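The values are calculated or read from the model by the stated rules, or taken from the named source; none is laboratory data. Not measured: the values here are computed from a predicted model. Cβ sites come from the backbone with ideal geometry, for glycine too, and all protein chains shown count toward neighbours.
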Amino acid sequence: MTYLRSFFLNFLIVFFAARVMPGITIEFYEKVPNIGADILFSIVVGFLNSIIVPALVLLEVKITNLKIAVVGFVISYLSFIIISIVDFGVRANFLGIILGGSLVWIFSYFTNYLELKHLKMNK
């Protein structure tokens, strides 16, 4: 799986979670000028989740499935906790943090696992 495909899939799952998951609400667009808050949130979290394997490669760390899972867990849940605290157009309550964070984390692990598998096949 290439990096751009991983970024696109992570963006889509975060956007889906922000739009569909119970406990997550999107406020009117005037809170974030010229762009929807859900799109901005999806781009940032999708980008962060898609660079887990490339970042571990750059750090020259031995990449394991556990490291991918832990980093993805921190990014996914922390992003939903941040939007529950900071009001920038997307809000999440406790249910939204649990459901949204879980969905994004599972999908992040899956895409990064495939990225790692692709990386090992090319070596």
Restricting segment 65-95 to residues that are touching a helix residue (DSSP H, G or I) at 6+ places or on another chain (Cβ under 9 Å) and in a loop (DSSP other than H, G, I, E, B), which is modelled with the highest pLDDT?
93
Restricting to segment 35-51, name every residue that is of a type in the set (Gly, Ala, Ser), touching a residue at least 40 places away in the same chain (Cβ under 8 Å) and surrounded by 20 or more Cβ atoms within 10 Å (Cβ to Cβ).
37, 50
Hey, residue 107 more than 14 Å from residue 14 (Cα to Cα) and either within 14 Å of the chain's Cα centre (by Cα) or in contact (Cβ under 8 Å) with a residue 40 or more places away in the chain (or both) or not
no
